[in-house]
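Peer 1: Dropping the structure in here first, questions after.
The values are calculated or read from the model by the stated rules, or taken from the named source; none is laboratory data. On a predicted model such as this, the values are computed, not experimentally measured, just so you know. Glycine gets a Cβ as well: all are built from the backbone with ideal geometry, and neighbour counts include every protein chain shown. Accessible surface is based on the protein model in full, side chains and every heavy atom, while ligands, DNA and RNA are left aside. Shrake-Rupley method; radii C 1.70, N 1.55, O 1.52, S 1.80 Å.
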Amino acid sequence: MLAERTGFIIWVSDIKAARNLEKYGSVHYISRRMQYVVMYVNADRAEETAKNIRRLSYVRKIERSYRNEIKKEYSSKIPDKTQFYGV
(Lines give C-alpha, C1' and ligand atoms only; values in the text may rest on other atoms or scores of the structure.)
Protein backbone atom coordinates (compact mmCIF):
# COMPACT_ATOMS: atom_id res chain seq x y z
CA MET A 1 0.00 0.00 0.00
CA LEU A 2 1.27 3.44 -0.86
CA ALA A 3 1.81 5.96 1.92
CA GLU A 4 -0.38 9.08 2.03
CA ARG A 5 1.57 12.02 0.58
CA THR A 6 1.28 15.78 0.98
CA GLY A 7 2.56 18.30 -1.53
CA PHE A 8 4.44 21.50 -0.75
CA ILE A 9 5.28 24.45 -2.96
CA ILE A 10 8.47 26.00 -1.62
CA TRP A 11 9.56 29.44 -2.82
CA VAL A 12 13.35 29.70 -2.71
CA SER A 13 15.97 32.38 -3.26
CA ASP A 14 18.73 30.05 -4.49
CA ILE A 15 18.00 27.27 -6.98
CA LYS A 16 21.33 25.49 -6.51
CA ALA A 17 20.77 25.26 -2.76
CA ALA A 18 17.20 24.04 -3.39
CA ARG A 19 18.60 20.73 -4.61
CA ASN A 20 19.32 19.95 -0.95
CA LEU A 21 15.57 19.63 -0.36
CA GLU A 22 15.72 16.07 -1.69
CA LYS A 23 16.71 14.81 1.75
CA TYR A 24 13.34 15.98 3.15
CA GLY A 25 11.12 14.33 0.53
CA SER A 26 10.61 13.68 -3.17
CA VAL A 27 11.35 16.73 -5.33
CA HIS A 28 8.89 16.64 -8.21
CA TYR A 29 9.72 19.87 -10.07
CA ILE A 30 12.13 22.82 -9.81
CA SER A 31 11.25 26.03 -11.64
CA ARG A 32 14.37 28.04 -12.41
CA ARG A 33 12.53 31.05 -13.78
CA MET A 34 9.97 31.48 -11.00
CA GLN A 35 12.25 29.97 -8.33
CA TYR A 36 10.00 27.46 -6.64
CA VAL A 37 10.16 23.74 -5.85
CA VAL A 38 7.27 21.27 -5.83
CA MET A 39 7.90 18.38 -3.49
CA TYR A 40 5.99 15.58 -1.80
CA VAL A 41 6.49 14.29 1.75
CA ASN A 42 4.77 11.67 3.88
CA ALA A 43 1.55 13.05 5.35
CA ASP A 44 2.23 11.77 8.86
CA ARG A 45 5.45 13.80 9.09
CA ALA A 46 4.37 16.79 6.98
CA GLU A 47 4.18 19.41 9.75
CA GLU A 48 7.53 18.38 11.22
CA THR A 49 9.18 18.46 7.81
CA ALA A 50 7.69 21.86 6.96
CA LYS A 51 9.00 23.26 10.24
CA ASN A 52 12.51 22.00 9.42
CA ILE A 53 12.37 23.37 5.87
CA ARG A 54 11.28 26.83 7.08
CA ARG A 55 14.53 27.09 9.06
CA LEU A 56 16.65 26.90 5.91
CA SER A 57 18.20 30.21 4.87
CA TYR A 58 17.28 30.00 1.18
CA VAL A 59 13.55 29.27 1.78
CA ARG A 60 11.29 32.33 1.44
CA LYS A 61 7.82 30.79 1.81
CA ILE A 62 6.12 27.39 2.02
CA GLU A 63 2.60 26.69 0.74
CA ARG A 64 0.75 23.42 1.26
CA SER A 65 -0.91 21.86 -1.76
CA TYR A 66 -4.67 21.32 -1.45
CA ARG A 67 -4.82 18.78 -4.25
CA ASN A 68 -5.89 15.96 -1.91
CA GLU A 69 -8.86 18.00 -0.70
CA ILE A 70 -10.31 18.85 -4.11
CA LYS A 71 -13.44 16.93 -5.08
CA LYS A 72 -12.65 14.54 -7.91
CA GLU A 73 -16.10 13.03 -8.52
CA TYR A 74 -18.61 15.14 -10.36
CA SER A 75 -22.36 14.73 -10.36
CA SER A 76 -24.38 14.84 -13.55
CA LYS A 77 -27.40 16.58 -12.04
CA ILE A 78 -26.89 19.57 -14.33
CA PRO A 79 -28.32 18.89 -17.82
CA ASP A 80 -25.91 18.80 -20.72
CA LYS A 81 -26.46 21.98 -22.76
CA THR A 82 -24.52 20.81 -25.84
CA GLN A 83 -27.48 18.79 -27.10
CA PHE A 84 -29.41 22.06 -27.60
CA TYR A 85 -26.78 23.46 -29.95
CA GLY A 86 -26.89 20.60 -32.44
CA VAL A 87 -23.36 19.38 -31.86
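Peer 1: For LYS51, give me every one of the lysines with a C-alpha distance below 18 angstrom, ignoring sequence neighbours fewer than eight places off in its own chain.
Peer 2: Candidates past the 8-residue exclusion: LYS23, LYS61.
Peer 1: While we're on this one: Solvent-accessible area per residue for the chain at a 1.4 Å probe radius, Å²?
Peer 2: On the way: 7270 Å² over 87 residues.
That works out to 84 Å² for each residue.
Peer 1: Lys and Arg at +1, Asp and Glu at -1: add these up for the other residues within a Cβ distance under 14 Å of ARG64 and post the number.
Peer 2: Details: positive: ARG5, ARG45, LYS51, ARG54, LYS61, ARG67; negative: GLU4, GLU47, GLU48, GLU63, GLU69.
So the surrounding residues net to +1.
Peer 1: At 0.36 nm per residue, and after removing the present C-alpha to C-alpha distance, how many nm does the segment from ARG45 to MET1 gain when stretched out fully?
Peer 2: Details: separation 44, 0.36 × 44 = 15.84 nm, distance 1.74 nm.
Between ARG45 and MET1, full extension yields 14.1 nm more.
Peer 1: Can you compute the helix-only [θ] at 222 nm over the chain? Use -39500 (n - 2.57) per DSSP H run of at least 4 residues, normalise by all residues, nearest 500 deg cm²/dmol. Mind dumping the intermediate values first?
Peer 2: Working: 2 runs with 13 residues, N = 87.
Taken over the chain, the calculation gives -3500 deg cm²/dmol.
Peer 1: Which part of segment 38-55 falls in the paramagnetic zone of SER65, meaning amide N under 17 Å from the point 7 Å along Cα-to-beta-carbon?
Peer 2: Output list for this probe position: 38-47, 49-50.
Peer 1: For the chain, state what percent of all Cα-Cα pairs lands in each successive 5 Å bin, counting from 0 Å until the bin that includes the largest distance.
Peer 2: Once binned at 5 Å, the Cα pair distances of the chain give 3, 12, 21, 18, 11, 7, 5, 6, 7, 5, 4, 1.
Peer 1: Within segment 5-64, what whole-number % of the accessible surface is contributed by carbon and sulfur, with the 1.4 Å probe and all protein chains included in the calculation?
Peer 2: Numbers: 1670 of 3920 Å².
After summing per-atom areas, the C and S share lands at 43 percent.
Peer 1: Something else now. Using a 1.4 angstrom probe with every protein chain in place, what is the largest-first accessible-area order of ILE10, ILE78? Before the final figure, lay out each step's value.
Peer 2: Working: ILE10 0, ILE78 140 Å².
Greatest to least solvent exposure: ILE78, ILE10.
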